[in-house]
Amino acid sequence: MDSSIYLEGDITVCEDCQVEKPSEPLQSDCCGTGCTPCVFDLYEEDLRNWRKHCFDNHQGGNLGSTVSDVLPVLTPSAFTKFELVKITALSEDTNLYRFKIPDCRSLGLSVGRHIVLRGKHEGRNITRQYTPVSPLLSRGFFDVFIKIYPNGPMSQYIKRWEVGQLMEWRGPYGHFTYTLNKYKHLVLLAAGTGLAPMLQVIQHIVNNDEEDTTVQLIYASKMYKDVLMKSMLDELGSYWNVTIIYVLSKDSKENVKARYGDQIRYTRLTKSILEKELTFDLSETYFVVCGTKSFDKDMIKYLKQLGINDEMYFKF
Ligand SMILES: Cc1cc2nc3c(=O)[nH]c(=O)nc-3n(C[C@H](O)[C@H](O)[C@H](O)COP(=O)(O)OP(=O)(O)OC[C@H]3O[C@@H](n4cnc5c(N)ncnc54)[C@H](O)[C@@H]3O)c2cc1C
């Protein structure tokens, strides 16, 4: 998936200054011999410069407050309808859904917040939580990725969605708080769609030049092909303070055609893997966990065994 899908909508040229967005090299453009800088490093550098020059300045947030910004787009007390404008497959069972926000406004979420979707299944109203993955300051749209479960009531409702329909959302909700440079290191332990809030946290950190916190994302998936939002992760992983480790429980080195530079461990995420990967001072490290119920339970058990107390981790 091209990174423009989540960051700049479908923009390929800056609408204000007409500077073209850099295009991503093909895998075949990389010789795979470890050149420094690699063609992908150069692309990511170009993309960052372009984004700073164009997107950040014109499209992404420095437009100043307008009256319509002051009015909230969402409220926790009532559902608001948003038009579904795009569906993009991310993996066999997970899609990225883009919703339009009228008048080029922003959803106005703070980091780590989620929103609630109302749907209908077998004649009954149902609600479920989802975490937008588009940058917090995105204007005119927001994105959520959603895994479709074979027997999930909301999944059955979402499976029938078509572009142009209106869906009902309310929010924001959540208790996660993040303070600039409060911790030296942040370790994010995610599995599957548990990646969603982690993407928000990492984007929040890399977008602040005053951040000194280093981030390590340890992302558990079954197979390499199940890794969600890979191009976004590639880009985030290119920042000086972000390291990403993919832990694949059902894949093997022989099967995987990994991107050059990807750090992959072919194993389940166990306490001994955590011990091996956590090479810095744990007393200066804050942990964030988000995955399935059993993943969360295991990770918290391992953290406790590693001496991490309750104040030093947050479970989404
Ligand atoms: C704060 C919060 C944020 C969330 N953000 C997202 C998000 O961004 N994207 C997203 O896809 N989902 C997210 N979820 C999960 C989402 O709210 C629903 O639970 C999910 O979409 C399944 O709903 P359903 O009605 O289809 O299935 P359910 O009836 O809820 O479950 C159906 C079956 O799927 C299994 N199942 C449900 N959820 C999971 C899971 N996470 N891992 C493994 N098995 C599961 C259940 O055990 C059950 O067997 C979030 C949940 C929370 C609490």
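How many residues does the stretch 285-301 contain that are more than 16 Å from the ligand (Cβ to nearest atom) and either closer than 14 Å to L188 by Cα or touching a Gly at 6+ places or on another chain (Cβ under 7 Å) (or both)?
Here is the first cut: in the stretch 285-301, the residues more than 16 Å from the ligand (Cβ to nearest atom) are 285-287, 301.
So of that shortlist, the ones also either closer than 14 Å to L188 by Cα or touching a Gly at 6+ places or on another chain (Cβ under 7 Å) (or both) come out as 285-287.
Of the residues in that region, 3 qualify.
Of the residues Y266, Y224, which single one is in contact (Cβ under 8 Å) with a residue 24 or more places away in the chain, in the same structural domain as G307 (by TED's automatic domain parsing) and of a type outside the set (D, E)? Step through it out loud before you land on a result.
Numbers: Y266 fails: in contact (Cβ under 8 Å) with a residue 24 or more places away in the chain.
Answer to the check: Y224.
Of all residues in the stretch 172-194, how many are in contact with a strand residue (DSSP E or B) (Cβ under 6 Å, 6 or more places away or on another chain) and buried (at least 21 other Cβ atoms within 10 Å of the Cβ)?
So the count comes out to 8.
Among residues belonging to the stretch 94-110 that are more than 19 Å from P172 (Cα to Cα) and under 17 Å from the mean Cα position of the chain (by Cα), point out the one that is modelled with the lowest pLDDT.
Among them, the one singled out is T94.
Do we find a residue being away from the ligand (no atom under 13 Å from the Cβ), over 25 Å from I205 (Cβ atoms) and without any contact (Cβ under 8 Å) to a residue 60 or more places away in the chain anywhere in the stretch 121-129? Break it down into steps so the answer makes sense when it comes.
Residues of the stretch 121-129 that are away from the ligand (no atom under 13 Å from the Cβ), as a first pass: 123.
Then drop every residue that is not over 25 Å from I205 (Cβ atoms), which leaves 123.
If we keep only those that are without any contact (Cβ under 8 Å) to a residue 60 or more places away in the chain too, we end up with 123.
Looking for residues that are away from the ligand (no atom under 13 Å from the Cβ), over 25 Å from I205 (Cβ atoms) and without any contact (Cβ under 8 Å) to a residue 60 or more places away in the chain, one finds at least one in the stretch 121-129, hence yes.
List the residue pairs whose Cβ atoms are under 6 Å apart, where the first residue sits in the stretch 146-160 and is near the ligand (Cβ under 7 Å from one of its atoms), the second is assigned to a loop (DSSP other than H, G, I, E, B) and hydrophobic (A, V, I, L, M, F, W, C), and the two are 6 or more positions apart or on different chains.
As it stands, the answer is S155/I148, since those pairs meet every condition given.
Is there a residue in the stretch 184-207 that is touching a residue at least 12 places away in the same chain (Cβ under 8 Å), away from the ligand (no atom under 15 Å from the Cβ) and in contact with a Gly (Cβ under 8 Å, 6 or more places away or on another chain)?
no
Are any of the residues in the stretch 84-98 within 25 Å of F314 (Cβ to Cβ), surrounded by fewer than 19 Cβ atoms within 10 Å (Cβ to Cβ) and more than 10 Å from the ligand (Cβ to nearest atom)?
No, the stretch 84-98 has no match at all.
The values are calculated or read from the model by the stated rules, or taken from the named source; none is laboratory data. These numbers were taken from a predicted model, which means no experiment stands behind them. We place every Cβ from the backbone using ideal geometry, glycine too, and count neighbours over all the protein chains shown.
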